[in-house]
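Single-structure report; data block below.
The numbers here are math on the coordinates, done by the rules we state, and not lab data. Just so we're clear, the structure is a prediction, and the values are computed from it rather than from any experiment. For neighbour counting, all protein chains shown are included, and Cβ atoms are generated from backbone atoms with ideal geometry for every residue, glycine included.
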Ligand code: PGA
Ligand code: ZN
């Protein structure tokens, strides 16, 4: 089989919000081909690599990605012709040097990410392995616990819901992924019924979670506890709760501005609030409880709650080994969120995962609020043995496709499939 790259072709497609994004197809001399597409965030961290957009207001409100597409077709693609497709690290390194910047503003992280993921997928096809096995080897057998966002707020609801961006259910008591997914879906439907009973309009946000017009940041937690019970599960025993506060979005001049509470809190007050919530509700994970720039606040937060629950850094780390390294040194968290498009290439993403795993931090792989049906992250999570994946509610095709891919992988692994134990989430 001739694994050398014959052609790399990018095109502009649409994501789940109807915004343009990049899809890349790689074709080998043998005729083998595969493609991948790039997701896109809304509550994007300031320190993420640059997502290159055209800024041509006549197309898609400036969000077109022709520049990134052309960078693949005219610059990256030609440089990769003739390379062995399994040379992922060398290919990623070459792209990083072609880009020539520290934040991927040269060619665009969306251009690099599309190529990088498409290279991996094509290589897997070329060597005739499922993607998770190609990337993770024969011992990649851990299927993650899904962290499912069932109530949305913050930027993802254009500020029509609570201030906190994501209220997730975490069905860690299940013995298999298939069961965890069922528990999550049943709870989601119990929540829907409950919201209808309470007179809320049923609408879903970008990640499939409901958007009740609620005037409290705490009420969603109560609703979720009731929904878990109504679904027939025990809150805290079978299913826990995770939050992605996405606090960078409402941090200004050293204060956390909670719109629906008409309240401005200091880091210390936010931390006290989290400690109180953790005491009252079965919360097992808080992501971005504080802002991407509030390193000293994070340190205090981790000192207070880091022994009790998972504290996940998203905007503060942006899948960047330099920022994660600082986070490890300064003890600001005990877990990292991983999004390949935050940094650009698969090689850099894997370096971020490994750095965190080396010091026993938890790793949560994540979708973006703007997604496509590409399920790369499902395979990637298993390959890296992270044990956790957040990819939205059990609703909307682009979210469900990742969960469905995990069902396929679980079947494919048969007896070998492993699932994190409940204790993984209960410290
Ligand atoms: P984003 O949100 O994809 O809009 O950045 C997801 C997250 O904050 O985790
Ligand atoms: Zn986040």
Cβ-Cβ FRET estimate between residue 193 and residue 426, R0 fixed at 30 Å, reported to 0.05: 0.60
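List 395, 113 from most exposed to least, where exposure is judged by having the fewest other Cβ atoms within 10 Å.
So the residues, fewest neighbours to most, are 395, 113.
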Modelled FRET efficiency - R0 25 Å, residue 139 with residue 179, Cβ distances, 0.05 increments: 0.60
Inter-part distance where the stretch 394-418 and the stretch 11-64 are each reduced to a Cα centre, Å: 24
Long-range Cα-Cα pairs in the chain (distance over 33 Å), rounded percent: 30
Contact order relative to length of the chain, as percent, for alpha carbon pairs under 8 angstrom and 6 or more apart: 20
Contour excess over end-to-end distance, with Cα ends at residue 293 and residue 411 and 0.36 nm allotted per residue: 38.2 nm
Translational diffusion of the stretch 47-200, µm² s⁻¹ [Kirkwood Rh, Cα pairs; Stokes-Einstein; 20 °C; 1.002 mPa s]: 110
DSSP beta bridge pairing in the chain, given as percent antiparallel to the nearest 5: 60
Whole-Å distance, taken between Cα centres, linking the stretch 311-371 and the stretch 232-261: 19
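Taking only the C-alpha atoms, wrap a convex hull around the stretch 4-98 and report its volume per residue in Å³ as a whole number.
Details: hull volume 10.6 nm³, N = 95.
So the per-residue Cα hull volume is 112 Å³.
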Residue 280 paired with residue 160, simple spin-label distance in nm, labels 7 Å along Cα-to-beta-carbon: 2.7
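Could you list 270, 196, 168 in order of exposure, starting from the residue whose Cβ has the fewest other Cβ atoms within 10 Å?
Details: 270 23, 196 12, 168 26.
If I rank by nearby Cβ atoms, fewest first, I get 196, 270, 168.
Sorting 284, 141 on the 10 Å Cβ count, fewest up front, what's the list? Walk me through the numbers before you get to the answer.
Details: 284 25, 141 19.
Sorted ascending by nearby Cβ count, the order is 141, 284.
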Using alpha-carbon coordinates, inclination of helix 177-197 to the longest axis of the chain, degrees: 50
